[in-house]
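The values are calculated or read from the model by the stated rules, or taken from the named source; none is laboratory data. What you see is a predicted model, and the numbers here were worked out from it, not measured in a lab. In this analysis, Cβ positions are derived from the backbone assuming ideal geometry, glycine residues included, and neighbour counts consider all displayed protein chains. To get the accessible areas, we keep the full protein, side chains included, count just its heavy atoms, and leave off ligands, DNA and RNA. Shrake-Rupley method; radii C 1.70, N 1.55, O 1.52, S 1.80 Å.
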Amino acid sequence: MSSKGMKASELKGSVGEPDAFGKKQIRGSALFSPGEKDVLEVVLQEEACYTLEGVKQLLRLYLNKEVI
C-alpha cells in the first residue's frame with residue numbers, strides 16, 4: 001500500500017512500543033520546526049502514541065493534501 005493510501009490510525013504505535021511517543025512529547029521535541037509543531041497540534045490525537053517515522057509520514061500526508 002502506498003503512503004498516500006495509509007490512514008492515520010495505521011501510523012500509530014502501540015502504547016507498549018519503546019519508541020512510541022505521546023503528542024505532548026512530540027510537540028516538545030527539537031526534531032520538528034515550530035511550523036511543523038503547529039500542524040502536529042491538529043493532526044495528532046491527545047491519547048494516542050506515535051513513532052517518529054509515523055509522525056513524519058503524517059506530516060507529509062497532511063502537507064501534500066490536495067486543496068479543494
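Observations, loosely collected:
- Test: residue in region 21-42 that is in contact with a Cys (Cβ under 8 Å, 6 or more places away or on another chain), open to solvent by less than 70 Å² (accessible area, probe 1.4 Å) and free of Cβ contacts under 8 Å to residues at least 40 places away in the same chain: yes
- A search for C-beta distances below 8 Å between a residue of region 54-68 that is open to solvent by 90 Å² or more (accessible area, probe 1.4 Å) and any residue that is charged (D, E, K, R), counting only pairs 6+ apart in sequence or on different chains, returns 64/4.
- Every residue from region 1-37 that is at pLDDT below 85, assigned to a helix (DSSP H, G or I) and touching a Leu at 6+ places or on another chain (Cβ under 8 Å): 3, 4, 8, 11
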